[in-house]
């Protein structure tokens, strides 16, 4: 039998990667073609490609996850709309200077420690791929960062397909299975697990009368001659608004900023997404009477009216100032109005049946996700990078490179267990080794340091010792066993870094006298970042997590220990830090965890019915340390013999 086809539809099922052909509308079978927009599991496209994992976006987080997947030998592909990695940084920041620090010198040679102060590099085993080797500037150029990202992708041979502008994403027929991704050419890619790492890049554009007279931050001219001798209004209060103000300020008559709420300063709030000192020059000129200023008003409540070549601003429904507008702060006309109101997540690429939920309130610019970085409402859809910031918005650094490089690694570990039954990496310890491991981690670990209050080290205590897991999302503590593959039937210790609960916030003065706490017994009052250890006699439940006290990151523990803050961030002082930590661990383990020399263990073995745990684990196994004086005596004896 001859069958004539005028059109073919290729279908790739994600779950098995199988290929099938269904007949077009003109086939003798008369089978109808279903539109991809219907949410059905058939689609028309020119080619199909299956991968277990597809990452949308070759920015920092997409590359970071690609690196971990490649190292694990997984089948993955990164889709990037641009012709190179880091497309976002070719445009932003508009004035081409990053505000993430590039600290090349710390006085330390420890690589892990130095990553605490390198806010731009991604994680890899290649020591040449450090941003500190690309730029000597404390705040590097965005152009150099684009070069760095592309070198990262090239040297590590990451699998990226460029020129793929994702137009639509939808699920397969089985809603629990994988995804279809269609690009601008009609090509369709399929996958079992989808990770969206696009960042937030769609400009916020409020709807008000006269918005057509406003220029967006995304396409404002950088030619300073355009602003020379002009009066400028900037809508916004964040770093992009103040960055713009600092750039044009030297050539303008004056610059005003409009904001709905107060300006939040990063050095007050300890949140790097708030206004950074490098961009706050306009506050200086405003408060020192140099014409510039910041005004507070609801931008949605204003009108922009054109008068010739200039623009005036009016407020609608302004009952407070009705009849008193002759002294309205923005009564002077403006030559240029610039919108710099930040960005939000682009959900338009998703079919209406799987549009991910967004966060609430200030978090609405991010997808709403679970603590395992999975969409709240779309199974199998994960997010990486800035897109995950709803979990720690205004609490930690998860929206920024120096934070999400660690949450991306955490996502990879979670996927390894969920999809491939590879447990979270761990180290088996004797209980007598726990204290030294904790001290090393609190003094060196960069993930705990940058993702404070979000990632924590977890110690699972068992009959033979302890299992140490590094940088686990602490909100997953109730699901520790199912999320990591490690059983935790009894005692658990969690170590996180925290600021004092009332130390930070808009309007607070962190430079005031008396902010530091130096007495160990008052460690719970410490304001600056310091280690906190939570001990649970058994894993807390989901209900415990929901009922935790206000401002607490974890449920109320069986015991809680604050390590006293330290100006040098060195928690190795024998009395202030080590002694109190050891006593806490003694209480948790129920026995003396001190280390003893072999001679002391011998004496106790001869005079007591039992010896400390250290002696049991080391001396009685022939692993004890000899006191230095005995070593010296032995050396003298050997020398005399010779």
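Tell me the residue from 537, 550, 573 that is without any contact (Cβ under 8 Å) to a residue 12 or more places away in the chain and more than 26 Å from the chain's Cα centre (by Cα), please.
None of the others qualify; the one that does is 573.
Among (1) closer than 20 Å to residue 471 by Cα; (2) in contact with a helix residue (DSSP H, G or I) (Cβ under 9 Å, 6 or more places away or on another chain), which single condition is residue 557 missing?
So residue 557 meets the others, but not (2).
Is it true that residue 260 is farther than 24 Å from residue 91 by Cβ and touching a helix residue (DSSP H, G or I) at 6+ places or on another chain (Cβ under 9 Å)?
For residue 260, the condition - farther than 24 Å from residue 91 by Cβ and touching a helix residue (DSSP H, G or I) at 6+ places or on another chain (Cβ under 9 Å) - is met.
Please give the strands (runs of 3 or more DSSP E) falling wholly within segment 161-250 in which 1 or more residues are touching a strand residue (DSSP E or B) at 6+ places or on another chain (Cβ under 6 Å), outside the structural domain of residue 75 (by TED's automatic domain parsing) and farther than 23 Å from residue 380 by Cα.
Here the list reads 231-235.
So residue 576 passes all but one of these: (1) within 21 Å of residue 477 (Cβ to Cβ); (2) assigned to a helix (DSSP H, G or I). Which condition number does it fail?
(1)
Across segment 499-551, what is the total count of residues that are outside any loop (DSSP other than H, G, I, E, B), out of contact with any helix residue (DSSP H, G or I) (no Cβ under 6 Å at 6 or more places or on another chain) and buried (at least 19 other Cβ atoms within 10 Å of the Cβ)?
Count: 6.
List the pairs whose first member sits in segment 145-166 and is under 19 Å from residue 401 (Cα atoms), whose second member is surrounded by fewer than 18 Cβ atoms within 10 Å (Cβ to Cβ), and whose Cβ atoms are under 6 Å apart, counting only residues at least 6 apart or on separate chains?
Final answer for the pair search is 146/90; 150/84.
Please go through segment 98-132 and give me each residue that is part of a helix (DSSP H, G or I) and surrounded by 13 or more Cβ atoms within 10 Å (Cβ to Cβ), ordered by number.
Of the residues in segment 98-132, the ones part of a helix (DSSP H, G or I) are 111-117, 131-132.
Within segment 98-132, 112, 113, 114, 115, 116, 117, 131, 132 meet the criteria.
Can you say whether residue 375 is exposed (fewer than 15 other Cβ atoms within 10 Å of the Cβ), within 30 Å of residue 190 (Cα to Cα) and within 33 Å of the chain's Cα centre (by Cα), as far as the supplied structure shows? Reasoning before the result, please.
Working: exposed (fewer than 15 other Cβ atoms within 10 Å of the Cβ): no; within 30 Å of residue 190 (Cα to Cα): yes; within 33 Å of the chain's Cα centre (by Cα): yes.
Answer is no for this residue.
Of the residues 149, 158, only one is crowded, with 16+ Cβ neighbours inside 10 Å, on the phi < 0 side of the Ramachandran plot and either assigned to a loop (DSSP other than H, G, I, E, B) or at pLDDT below 95 (or both); which? Give the steps one after another, and end with the answer.
Numbers: 149 fails: either assigned to a loop (DSSP other than H, G, I, E, B) or at pLDDT below 95 (or both).
That would be 158, the only listed residue that is crowded, with 16+ Cβ neighbours inside 10 Å, on the phi < 0 side of the Ramachandran plot and either assigned to a loop (DSSP other than H, G, I, E, B) or at pLDDT below 95 (or both).
Looking at 272, 263, 255 in this structure, which one is under 20 Å from residue 332 (Cα atoms) and either modelled with pLDDT of 95 or more or in a loop (DSSP other than H, G, I, E, B) (or both)?
Of the residues listed, the single one that is under 20 Å from residue 332 (Cα atoms) and either modelled with pLDDT of 95 or more or in a loop (DSSP other than H, G, I, E, B) (or both) is 255.
Quick check on segment 293-338: of everything there that is at positive phi and at pLDDT below 85, which residue is surrounded by the fewest Cβ atoms within 10 Å (Cβ to Cβ)?
Checking each candidate, the answer is 323.
Identify, please: which residue in segment 557-570 is more than 24 Å from residue 431 (Cβ to Cβ) and surrounded by fewer than 19 Cβ atoms within 10 Å (Cβ to Cβ) and is, among those, nearest to the chain's Cα centre (by Cα)?
So, considering only residues that are more than 24 Å from residue 431 (Cβ to Cβ) and surrounded by fewer than 19 Cβ atoms within 10 Å (Cβ to Cβ), the one nearest to the chain's Cα centre (by Cα) is 569.
Say we look at segment 580-599 and pick out the residues that are at pLDDT below 90 and not in a loop (DSSP other than H, G, I, E, B); which of these is farthest from the chain's Cα centre (by Cα)?
Among those residues, the one meeting the criterion is 599.
Identify the single condition in (1) surrounded by fewer than 19 Cβ atoms within 10 Å (Cβ to Cβ); (2) within 20 Å of residue 336 (Cα to Cα); (3) without any contact (Cβ under 8 Å) to a residue 24 or more places away in the chain that residue 285 does not satisfy, given that it satisfies every other one.
The failed condition is (3).
Considering every residue within segment 580-595, establish whether at least one is without any contact (Cβ under 8 Å) to a residue 40 or more places away in the chain, under 30 Å from residue 418 (Cβ atoms) and either loosely packed, with under 13 Cβ neighbours inside 10 Å or in contact with a helix residue (DSSP H, G or I) (Cβ under 6 Å, 6 or more places away or on another chain) (or both).
no
Among 575, 532, which is within 20 Å of residue 396 (Cβ to Cβ) and at pLDDT 95 or above?
Only one candidate passes the filter, namely 532.
The values are calculated or read from the model by the stated rules, or taken from the named source; none is laboratory data. None of these values were measured; they are calculated from a predicted model. Don't worry about glycine lacking a Cβ; one is built from the backbone with ideal geometry, like all the others, and counts go over all protein chains shown.
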